[in-house]
Amino acid sequence: MASHGEAVAAQSKLDGYDRPFDSGAGYDSEKKLFVGNLSWTVDDESIGAKFSDLHGKVLDAKVTFDKESGRSCGFGFVTYSNAEEVNEAIQNLDGVDFDGRQMRVNLAGDKSPLRTCEF
């Protein structure tokens, strides 16, 4: 059986692999958006395209999926190259219809740290 220290180290490695933003992989929090109220049909490619259209350089766009069901959790994250693009995206896309749903767009740090899929 692994010691507590070994378990923590292993979890840290997995967290860095599965969630590069949370592991400090070089993305500043003021450049990362939380995007909520997404349709289940939205994927990484479509959210990236939506946020790239006239709103700056998207470095990364990820929709969160439930590991067991494979279904979208209805939220994701978009990272831009600078804070000005983030502010422009919030102003222009918060409340906008995307695939039949009004998106909620704000800084990722503005939301509670625990976001889970609830079906």
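Candidates are the residues of region 46-56 that are at pLDDT 90 or above and either outside any helix (DSSP H, G or I) or crowded, with 19+ Cβ neighbours inside 10 Å (or both); the one that is farthest from the chain's Cα centre (by Cα) is 50.
The residue pairs whose first member lies in region 54-75 and is on the phi > 0 side of the Ramachandran plot, whose second member is surrounded by 14 or more Cβ atoms within 10 Å (Cβ to Cβ), and whose beta carbons are closer than 6 Å, counting only pairs six or more residues apart or on different chains, are 56/80; 56/85; 74/38.
Within region 81-108, restricting attention to residues that are in a helix (DSSP H, G or I) and among the charged types (D, E, K, R), the residue that is surrounded by the fewest Cβ atoms within 10 Å (Cβ to Cβ) is 84.
Would you call residue 76 part of a strand (DSSP E or B) and either farther than 19 Å from residue 104 by Cβ or not hydrophobic (A, V, I, L, M, F, W, C) (or both)?
So residue 76 passes the test.
The values are calculated or read from the model by the stated rules, or taken from the named source; none is laboratory data. Everything quoted here is computed from the prediction, not taken from an experiment. Methodologically, a virtual Cβ is constructed for each residue, glycine included, from the backbone with ideal geometry; neighbour enumeration extends over all protein chains shown.
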